[in-house]
Amino acid sequence: MATSIYRSCCEAARGLVDSNRHPALAAELHLAGVRARRLESSLRPLVKTLRAGERFLSQSSKWLHFGISQRARIDRVIDHWPGGSREKFAGVRAGGRCRIVQGSGTTELWTAPNRAVDLTPSELSTPTNSDQLQAALAGRVPMSLVPYQDFEGKQHEPVGDAGRPVLLNLWASWCQPCLAELGEFARHEDRLRASGLNIVGLSVDSLGDTRSVEPTQLKVLLARLNYPFAAGMANERLTGKLELLYATLFNTQVALPVPASFLIGAQGSLTQIYLGPVKVERLLSDLENLTVDDEQRR
């Protein structure tokens, strides 16, 4: 069908049928031209209008449905096409479907195609629960954190060395996934340092919990893991800022779990949040994307 069909007002179809009341049937006509139709007979005309529409997605169906009685006799179909041409068609019967093509002068009996589809049912698998969340932020979030103390009581900035990305990791001595994650960092020290990443592991053992552990004990624990990166004690001010940031970004009031890690770019902006253990391979992949601008990240 020509494009002009969809831009024209279809003037439509007029049909003359028996007006006696009998069980209802239908005659459906399919337009394959540029305008519309009217059905006529010697009695009362039936008029249908097909409108192509003026805006996006306003195209209507090209089928016109006429509800008529069982004894109806259709004399003729008259179509009025764009440009003013008028065309007559015969051979339309009640209870059937016909296709009318502009310029042909004839009607075609239409039968529905066989659209049987052999579908094979699939088995639904139940998603496995995960205690991990790894979120890449669409836009970088400036970080304003407070210093932390190492195990000797010395103050340090949590963003690490200027001009280098840093992974701020929260862990606890009683958390086995935390210790496993720190051990993995230790085993892949060379790869992590080669990527330019600095890791700061901060223990939350002393925060609002009866399971407080002395800093010297934490230092011994990390030594057993051969943990080679920076470490210290998290304070409530630092964790409070991280929890507020997490709650704002994800619209939740759930407390941060451990382990939890925050990947901060060389310019001091947060780019990734990891809840639960993060694999080194994922971490190295995310480090490669730190140079990608915000538009590409989206």
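The values are calculated or read from the model by the stated rules, or taken from the named source; none is laboratory data. On a predicted model such as this, the values are computed, not experimentally measured, just so you know. Every residue, glycine among them, receives a Cβ derived from its backbone with ideal geometry; neighbour counts consider all protein chains shown.
So here's what we get for this one:
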read-out: Residue satisfying condition, being part of a loop (DSSP other than H, G, I, E, B) and among the hydroxyl-bearing types (Ser, Thr, Tyr), within set 261, 206; value: 206
read-out: Single residue of segment 271-298 satisfying the filter (at pLDDT below 90 and in contact with a Lys or Arg (Cβ under 8 Å, 6 or more places away or on another chain)) that is farthest from residue 130 (Cα to Cα); value: 294
read-out: Filter result for residue 224 (in contact (Cβ under 8 Å) with a residue 12 or more places away in the chain and of a type in the set (Lys, Arg)); value: no
read-out: Residues that are assigned to a helix (DSSP H, G or I), in contact (Cβ under 8 Å) with a residue 24 or more places away in the chain and among the hydrophobic types (A, V, I, L, M, F, W, C), drawn from segment 240-258; value: 242, 245, 249, 250
read-out: Hits in segment 183-196 - residues which are under 18 Å from residue 225 (Cβ atoms) and assigned to a loop (DSSP other than H, G, I, E, B); value: 188
read-out: Residues of segment 154-213 satisfying the condition of being of a type in the set (D, E, K, R) and modelled with pLDDT of 90 or more; value: 154, 181, 184, 187, 189, 190, 191, 193, 205
read-out: Residues that are part of a strand (DSSP E or B) and more than 43 Å from the chain's Cα centre (by Cα), drawn from segment 99-121; value: 107, 108, 109
read-out: Given (1) touching a Lys or Arg at 6+ places or on another chain (Cβ under 8 Å); (2) surrounded by 10 or more Cβ atoms within 10 Å (Cβ to Cβ), index of the condition residue 111 fails; value: (2)
read-out: Criterion (over 15 Å from residue 186 (Cβ atoms), among the β-branched types (Val, Ile, Thr), surrounded by fewer than 16 Cβ atoms within 10 Å (Cβ to Cβ) and assigned by TED's automatic domain parsing to the domain that holds residue 141) met by exactly one of 248, 239; value: 248
read-out: Segment 78-98 - residue that is part of a loop (DSSP other than H, G, I, E, B) and free of Cβ contacts under 8 Å to residues at least 60 places away in the same chain and, of those, surrounded by the most Cβ atoms within 10 Å (Cβ to Cβ); value: 81
read-out: Some residue of segment 122-136 being part of a loop (DSSP other than H, G, I, E, B) and at pLDDT 90 or above; value: no
